[in-house]
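Data first, discussion second: the structure below is written as structure tokens.
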């Protein structure tokens, strides 16, 4: 899969829009070829593109997730302090509110068994009008 910001998605779509050839006799009736699809690009080179607004602008990451694994140090469980798992909620005036809150916690890390199965590309031109450019 590929992981990128919205600027890379737009840059890839702009590459797609550079039409090299349009054969007019293949279009039926009075229709015209729709060069701009209604939905944004969801794939790059036949692989899924995951768009994340917090990804680094101008960078495209290729991730081989089949070789990633999880190392779980502590399984998911309620956050506990001295045997207490429910905690009071305070209002804006500092007084107690008639509700309680609980937290779930987990401790884990992720590893990559074959890091050479991934790749990245940096320095991709950010399209004009995006991310302050």
**Report entry** Scope the stretch 46-61; condition over 12 Å from the mean Cα position of the chain (by Cα) and in a strand (DSSP E or B); matching residues
**Finding:** 47
Query - Residues of the stretch 67-100 that turn out to be in contact (Cβ under 8 Å) with a residue 12 or more places away in the chain and either assigned to a strand (DSSP E or B) or closer than 30 Å to residue 8 by Cα (or both), as a count - result: 16
Requested in this report: Could you pull out the residue among 49, 60, 131 that is at pLDDT below 90, within 29 Å of residue 12 (Cα to Cα) and surrounded by 11 or more Cβ atoms within 10 Å (Cβ to Cβ)?
Outcome: 131
Requested in this report: Look at residue 105 and say whether it is in contact with a strand residue (DSSP E or B) (Cβ under 9 Å, 6 or more places away or on another chain), loosely packed, with under 10 Cβ neighbours inside 10 Å and within 24 Å of residue 54 (Cα to Cα).
Outcome: no
**Report entry** the stretch 108-123, subset under 17 Å from the mean Cα position of the chain (by Cα) and surrounded by 13 or more Cβ atoms within 10 Å (Cβ to Cβ), residue nearest to residue 72 (Cα to Cα)
**Finding:** 118
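The values are calculated or read from the model by the stated rules, or taken from the named source; none is laboratory data. Just so it is clear, the structure is predicted and the values come from calculations on it, not from any experiment. All Cβ positions, even for glycine, are placed from backbone atoms using ideal geometry, and neighbour counts span all protein chains on display.
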